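See structure below.
The values are calculated or read from the model by the stated rules, or taken from the named source; none is laboratory data. In this text the structure is predicted, and so the values were computed from the model without any measurement. FYI the Cβ positions are ideal-geometry reconstructions off the backbone, even for glycines, and counts take in every protein chain you see. These area figures cover heavy atoms from the full protein model, side chains too; ligands, DNA and RNA do not enter into them. Shrake-Rupley method; radii C 1.70, N 1.55, O 1.52, S 1.80 Å.
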Amino acid sequence: MYPKLEEYIRRGLLHTDEIPEARKQALDEVARFVSAKLVAGHEAKLSFICTHNSRRSQMGQLWGAAAAAHFGVGGVRTYSGGTEATSFDPRAVAAVERAGFRVEYQGGENPHYRVAYSNTDPVFECFSKTYDDPFNPSDGFAAIMTCSDADEACPVVLGAEMRARLRYDDPGVADGTPSETATYDERSFQIATEMLYLFSRV
């Protein structure tokens, strides 16, 4: 794993005790899903879902994968999607890059990015897509709802084996303000810390 990212993860691990108990319960539920899948010899597929697949769900996918790798939990596959597709917001892209992920811009109207957390693990192709896009799993996955709008718009996520509510405040509220960078960094750190807690429980 890239050294800057390893240092970020070490800082995140110092804050897992600060996660509210109600959120720990939701994270523990996902951890049990992952453990059960792996014990049964199956892949554990986690799909992070928000409205536009532009910020929180993308961060969830990347931090979920990095946290699993940190704890040596193999057989985990992370995905992300929305109830509609827009684009991976460049401010969110910049936040994960500041955290230590390596990002390569691929271009396009709905820009694609190649994102990696090490030189040896798979590279993620990140772009905005709906949760039922062919790029995402169609069954047997955990649907992790990262925003209230998506949670309410999708009372049923077809193909999901389990559903967890992990709503995060939208960093987009700070777009164009002096606190923009700090707000995106705060959300990235929160998601990282919670994913580290989750995979410490697997």
Inset, instruction - Would you check which residues across region 105-135 are outside any loop (DSSP other than H, G, I, E, B), open to solvent by less than 40 Å² (accessible area, probe 1.4 Å) and under 24 Å from Ala69 (Cβ atoms) and list them? - result: Tyr113, Val115, Ala116, Phe124, Cys126
Inset, instruction - Say whether the condition of being over 19 Å from Tyr2 (Cα atoms), among the hydrophobic types (A, V, I, L, M, F, W, C) and within 11 Å of the chain's Cα centre (by Cα) is met by at least one residue in region 50-70. - result: yes
Inset, instruction - State which residue pairs qualify: first residue over 18 Å from Arg55 (Cβ atoms) and inside region 155-173, second residue of a type in the set (S, T, N, Q) and open to solvent by 20 Å² or more (accessible area, probe 1.4 Å) in any location, beta carbons under 7 Å apart, and separation of 6 or more residues or different chains. - result: Gly159/Ser138
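Report the residue count in region 56-84 for those that are of a type in the set (S, T, N, Q) and assigned to a loop (DSSP other than H, G, I, E, B). Don't jump to the end; show me each part of the working.
The first filter runs over region 56-84 and keeps only residues of a type in the set (S, T, N, Q), leaving 57-58, 61, 78, 80, 83.
Next cut, assigned to a loop (DSSP other than H, G, I, E, B) only: 83.
Counting residues in region 56-84 that are of a type in the set (S, T, N, Q) and assigned to a loop (DSSP other than H, G, I, E, B) gives 1.
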Inset, instruction - All but one of (1) in a loop (DSSP other than H, G, I, E, B); (2) of a type outside the set (Lys, Arg); (3) open to solvent by 20 Å² or more (accessible area, probe 1.4 Å); (4) under 18 Å from Ala164 (Cα atoms) hold for Asn53, so report the exception by its number. - result: (3)
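Output the residues belonging to region 175-202 that are in a loop (DSSP other than H, G, I, E, B) and either in contact (Cβ under 8 Å) with a residue 60 or more places away in the chain or closer than 26 Å to Glu29 by Cα (or both).
Let us first name the residues in region 175-202 that are in a loop (DSSP other than H, G, I, E, B), namely 175-179, 201-202.
Of everything in region 175-202, those that are in a loop (DSSP other than H, G, I, E, B) and either in contact (Cβ under 8 Å) with a residue 60 or more places away in the chain or closer than 26 Å to Glu29 by Cα (or both) turn out to be Asp175, Arg201, Val202.
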Legend entry - Sole exception among (1) more than 16 Å from Phe88 (Cα to Cα); (2) open to solvent by 70 Å² or more (accessible area, probe 1.4 Å); (3) not small (Gly, Ala, Ser) for Thr193, by number: (2)
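Per-residue answers, yes or no, for (1) touching a strand residue (DSSP E or B) at 6+ places or on another chain (Cβ under 9 Å); (2) crowded, with 23+ Cβ neighbours inside 10 Å:
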residue	(1), (2)
Glu7	no, no
Ile19	no, no
Val30	yes, yes
Phe33	yes, no
Val39	no, no
Met59	yes, yes
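For region 177-190, give me each residue that is closer than 14 Å to Arg10 by Cα and either surrounded by fewer than 21 Cβ atoms within 10 Å (Cβ to Cβ) or not polar (S, T, N, Q) (or both). Let's see the steps before the verdict.
If we filter region 177-190 for residues that are closer than 14 Å to Arg10 by Cα, which is where we start, we get 189-190.
Of everything in region 177-190, just one residue is closer than 14 Å to Arg10 by Cα and either surrounded by fewer than 21 Cβ atoms within 10 Å (Cβ to Cβ) or not polar (S, T, N, Q) (or both), namely Phe189.
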Inset, instruction - Mind listing whichever residues of region 77-104 are open to solvent by 20 Å² or more (accessible area, probe 1.4 Å), within 24 Å of Glu186 (Cβ to Cβ) and touching a His at 6+ places or on another chain (Cβ under 9 Å)? - result: Thr86, Ser87
Legend entry - Count of region 136-153 residues which are open to solvent by less than 90 Å² (accessible area, probe 1.4 Å), of a type outside the set (Gly, Ala, Ser) and more than 16 Å from the chain's Cα centre (by Cα): 1
Inset, instruction - May I ask you to list the residues in region 85-104 that are touching a strand residue (DSSP E or B) at 6+ places or on another chain (Cβ under 6 Å), under 23 Å from Ala67 (Cα atoms) and not in a helix (DSSP H, G or I)? - result: Phe88, Phe101, Arg102, Val103, Glu104
